[in-house]
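Some notes on the structure that comes next.
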Amino acid sequence: MSGSSASLQPPADAVEPVRHPDAPAPGELLGAHYGACFGCGGEQPHGLHLQARAGEGVSITAEFTVQPAHQGAPGLAHGGVLATALDETLGSLNWLLRTIAVTGRLETDFVRPVPVGATLYLEAEVTAVAGRKIYSTATGRLDGPGGPVAVRADALFVEVKVDHFVEHGRETEIKAAMSDPDQARRARAFEVNP
């Protein structure tokens with residue numbers, strides 16, 4: 001992405017990201033990290049229902065179809081919805097690192113309008129890691145994975161402990177997520193929220 005702010009440029013001592021040995025295999029569907037998530041959860045009737053798949057290295061592909069409930073201008077996706085799709089896609093990368101992280105900064109370029117009914121094809125990758133900071137980039141295309149660029153973003157995620165969510169989240173949802181007997185699903189519930 002051209003013109004990214006200095007805070008999105010990895011420092012000189014940043015290292016290449018390393019995919020966790022237990023990360024999903026390339027091509028594997030990641031599934032929702034949390035059922036009530038607006039970005040990927042199935043429990044949100046007007047959510048994005050974004051579907052992400054693990055890619056090679058520390059990358060993923062994802063897609064979602066813009067519904068009438070997602071429009072801003074008549075017949076066009078709302079920019080905030082598109083930013084949400086980018087944030088959800090970028091946040092899902094952290095599952096490949098097996099790191100709990102939150103969005104610290106997200107810079108988005110809106111390149112062309114995205115019509116209602118269109119499917120946005122997203123690609124994202126982690127570009128560098130520096131301490132608790134994770135640098136990543138994403139591109140969204142229309143008309144297929146090789147189609148014209150509609151949106152793109154650069155992001156900075158910051159690794160946090162699960163206590164971040166316990167201290168700031170609503171108690172009912174935190175308790176429900178923490179009581180899930182599936183350890184991986186329990187950890188995944190806390191992977192991308194701010």
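Things to note:
- Per residue, the range 1-138 exposes 47 Å² of accessible surface when a 1.4 Å probe is rolled over the protein heavy atoms with every protein chain present.
- Value in Å of the Kirkwood radius, where the range 22-155 supplies the Cα pairs that are averaged: 14.7
- Spacing of the modelled spin labels on Arg112 and Glu28, each 7 Å from Cα toward Cβ, amounts to 3.5 nm.
- Converting phi to 3J(HN,Hα) with the Karplus coefficients 6.51, -1.76 and 1.60 and the offset θ = phi - 60°, the range 149-160 yields 5, 10, 9, 8, 8, 10, 9, 10, 10, 10, 5, 9 Hz in sequence order, with x at every glycine or proline.
The values are calculated or read from the model by the stated rules, or taken from the named source; none is laboratory data. Model, not experiment: these values are computed from the prediction. Positions of Cβ are backbone-derived with ideal geometry, glycine not excepted, and every protein chain shown enters the neighbour counts. Protein only, heavy atoms only, side chains kept; ligands, DNA and RNA dropped before computing areas. Shrake-Rupley method; radii C 1.70, N 1.55, O 1.52, S 1.80 Å.
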